[in-house]
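K.L.:
Here it is: the structure, laid out below.
Taken together, the values in this text are just the output of simple stated rules run on the coordinates, not laboratory data. Computed from a prediction, not measured in an experiment: that's the story for all the values here.
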Amino acid sequence: MFRAFRRKVIKMFREFLVYHNSSLEFRAKILTLMVSSNGTIDDCEKQKLKEIAHSIYKDDYDRAELLVDTVYEYHNKIVTNNGLDFEHLVQIVNREVKTVKRFCEKIDMDMLMQLHACVDEEDEEDLLFQQRILEFLQGLKDECRV
């Protein structure tokens with residue numbers, strides 16, 4: 001019970017309590033772009049999301065879980081139209097990469113391809129949409145190298 005309460009408090013005040021919160025939030029935004037592209041998070045994406053979070057933060061279970069919770073929070077805001085929509089999230093990611101150049105390093109295409117593998121091959125529209133997201137993120141990453 002204490003652990004659940006602690007997680008809720010950290011989620012509410014993560015801006016003040018979490019070390020390098022902006023980095024964690026940026027990663028969550030990128031992951032949200034991938035998992036929210038079709039409007040739902042399926043079981044495959046949930047599993048891959050957990051694996052990715054725990055591979056990013058190998059030695060910090062709580063931080064990995066906070067990353068997953070933050071992705072779900074952003075996803076819920078998009079789905080419920082609660083102050084964030086998909087296009088706005090794309091604009092935020094674009095602006096943050098151009099403002100904070102070190103965020104380019106946080107765009108891990110191999111990691112994002114793991115989520116892309118969860119898309120049903122027969123659903124061409126979702127497949128194409130996620131491919132466009134990947135191209136957009138790769139373009140942002142390429143711009144930083146120049």
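K.L.:
Taking Cα centroids, how far is the range 27-51 from the range 111-126 in Å?
P.N.:
11
K.L.:
Any idea what the relative contact order of the range 32-146 is, in percent, if you count C-alpha pairs under 8 Å spaced at least 6 apart?
P.N.:
31 percent.
K.L.:
Right, another one. Need one word for the range 20-95: rounded, prolate or oblate. Basis is the Cα gyration tensor (sqrt eigenvalues a ≥ b ≥ c); a/c below 1.5 gives rounded, then a/b vs b/c decides.
P.N.:
oblate
K.L.:
For the range 65-105, what does the alpha-carbon gyration tensor say about shape, rounded, prolate or oblate, given a ≥ b ≥ c as the root eigenvalues, a/c under 1.5 as rounded, and a/b over b/c as prolate? Kindly include the intermediate steps, with their values, before the conclusion.
P.N.:
Values: a/c = 3.84, a/b = 1.41, b/c = 2.72.
Taking the square roots of the gyration eigenvalues as a ≥ b ≥ c, the range 65-105 is oblate.
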